1. Farthest toward the dipole's positive end in the range 108-215, which of 114, 156, 210, given Cβ charges of +1 (Lys, Arg) and -1 (Asp, Glu) about the Cα centre?
2. Once amide H atoms are built 1.01 Å from N in the peptide plane, which residues 5 or more positions from residue 159, or in another chain, come under 5 Å H to H?
3. What list of ³J(HN,Hα) values in whole Hz, one per residue of the range 437-449 in order, does the Karplus curve 6.51 cos²θ - 1.76 cosθ + 1.60 (θ = phi - 60°) give from phi, with Gly and Pro shown as x?
4. In nm, to one decimal, how far is the residue 424 label point from the residue 157 one, both placed 7 Å along Cα→Cβ?
5. When the helices in the chain are scored as -39500 (n - 2.57) per DSSP H run of 4 or longer and the sum is shared across all residues, what 222 nm value do you end up with, to the nearest 500 deg cm²/dmol?
6. Using a cut-off of 16 Å between alpha-carbon atoms, which lysines can reach residue 214, once sequence neighbours fewer than 8 places away in the same chain are excluded?
7. Please give the net charge around residue 460, taking every other residue with its beta carbon less than 12 angstrom from that of residue 460, where Lys and Arg add +1 and Asp and Glu add -1.
8. For residue 148, which sequence-distant residues (separation of 5 or more, or a different chain) have an amide H within less than 5 Å of its own amide H, given hydrogens modelled in the peptide plane?
Amino acid sequence: MAETRHDGYISPLSTRYASAEMQAVFSDNFKFRAWRRLWISLAKAEMALGLPVTEEQIAEMEAHKDDVNYEVAEAREKEVRHDVMAHVYAFGKQCPNAEPIIHLGATSCYVGDNADVLALREASKIVLKKAAQVLRNLKAFSEKYRALPCLGYTHLQPAQLTTVGKRATLWMYELSSDIEELEHRLDKLLLLGSKGTTGTQASFLELFGGDHEKVKKLDRMIADDLGFPGTVAVSGQTYSRKVDANFLATLSGFAQSAYKFANDMRILQSFEELEEPFEAHQIGSSAMPYKRNPMRCERICALARYVIVDELNPALTAGTQWFERTLDDSANRRISTAEAFLAVDAILNIYMNVTSGIVVYDRVIDRRVREKLPFMATENILMKSVKAGGDRQALHERLRVHSHAAAAHVKLEGGKNDLLERIKADPAFPLGADEIDAVLDPALYVGRAPEQVDEFVSSVIDPILARYPDANLVGELNV
């Protein structure tokens with residue numbers, strides 16, 4: 001029976017989660033076209049510095065920089081068991097005049113590591129673009145609900161009130177810090193350059209007849225050609241694997257922030273206060289037709305755990321690089337770095353989707369606030385009563401007794417919160433019923449939450465969004 005795509009393992013990151021845009025960065029086409037771009041950049045710099053490389057050879061390479069002859073390369077790799085030399089051979093078959101100068105003076109990591117740096121740069125740009133869209137969605141949400149009071153929680157127990165919009169600023173704050181951290185990583189990202197087999201540039205020094213300045217200039221010219229501010233100051237054969245560890249730590253930060261948002265949303269959906277988008281024909285449960293499970297936020301949490309754990313891979317790799325290099329990094333890096341970016345891409349796709357259509361049940365939110373508000377109003381009632389001539393200590397004790405009785409009535413008897421009725425009926429309080437009712441406006445208990453939304457958006461979020469023009473991304477889900 002002929003083998004089909006259903007007979008072998010296929011990564012869900014490709015089939016279910018990550019976007020085609022991010023997958024392209026970690027595709028064969030991106031990698032091997034990058035290799036050819038690097039060989040061309042090397043040849044151009046070598047020609048400019050006086051080595052016997054001609055314009056015709058470079059033009060021949062340019063003509064074939066994108067049409068990778070995979071069949072030739074794959075057949076050659078089976079013979080030589082070396083992917084770089086197989087692609088040098090395949091490129092040479094397409095560029096017979098340039099064949100003698102392809103990869104001149106370089107080692108495998110010249111193309112392998114420098115191409116990885118190119119991938120880090122392009123993948124990070126996608127992450128930043130999508131994360132900015134999440135911020136744009138949350139900004140609109142926080143501004144719309146900047147003043148809508150809701151229960152705040154500490155220890156997952158009702159605490160002082162906040163607002164729905166203020167809570168969204170907490171999600172934005174963490175994501176904005178991730179964006180700034182990734183921007184920092186990109187600003188500091190350098191090419192490996194042309195460092196040779198142990199990082200001494202010995203082969204290039206030989207090519208340039210001992211001219212150190214030309215060897216250094218070669219590095220600078222390649223970096224300029226590929227749009228980087230420079231190359232690493234020193235290296236072994238590879239760039240420091242700390243670079244990968246730093247980038248994956250940053251990606252883990254995105255996962256952590258999304259994880260917190262998604263967990264909050266799952267709890268709020270259980271409270272029936274907020275809800276992630278739910279499509280007209282979506283099925284929440286195979287057994288219970290009425291259910292509206294928060295499957296999108298659950299998926300964010302699942303993928304986030306994967307990324308957070310994956311962060312450990314490059315950290316271990318960085319710590320176990322022997323002297324100038326060892327190859328036990330290679331197989332791990334092919335998987336861990338790519339999958340971290342693919343998983344974060346998937347997380348952000350869902351994050352965009354959810355934040356573009358959060359459903360707010362304001363009446364449920366108000367009902368839940370008013371169930372707890374009498375307890376929160378006791379301090380204001382106490383202050384008003386003292387100003388009206390009451391004894392603070394005696395009234396504090398009366399409030400304590402009434403609060404515990406009302407709580408017992410709710411928890412043990414299933415009754416409604418009757419704390420205010422108990423206070424109104426207690427002659428110890430020198431306030432009329434209207435005066436007590438006046439302290440029950442939820443807006444009195446949200447502090448500076450609405451103003452904090454405005455100030456945070458203008459001082460932190462708007463400057464970030466100004467760096468990322470609105471691409472109107474919607475975060476479509478594959479499945």
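Read-outs: derived from the displayed coordinates by stated rules, not from any lab. Just so it is clear, the structure is predicted and the values come from calculations on it, not from any experiment. Here Cβ is always computed from backbone atoms with ideal geometry, including for glycine, and neighbour counts include all displayed protein chains.
1. Checking the options against the dipole of the range 108-215, the answer is 156.
2. 152, 153, 154
3. Along the range 437-449, the couplings run 4, 5, 8, 9, 7, x, 4, 6, 10, 9, x, 9, 3 Hz.
4. 2.9 nm
5. -20000 deg cm²/dmol
6. 44, 195
7. With Lys, Arg at +1 and Asp, Glu at -1, the net is -4.
8. 164, 165
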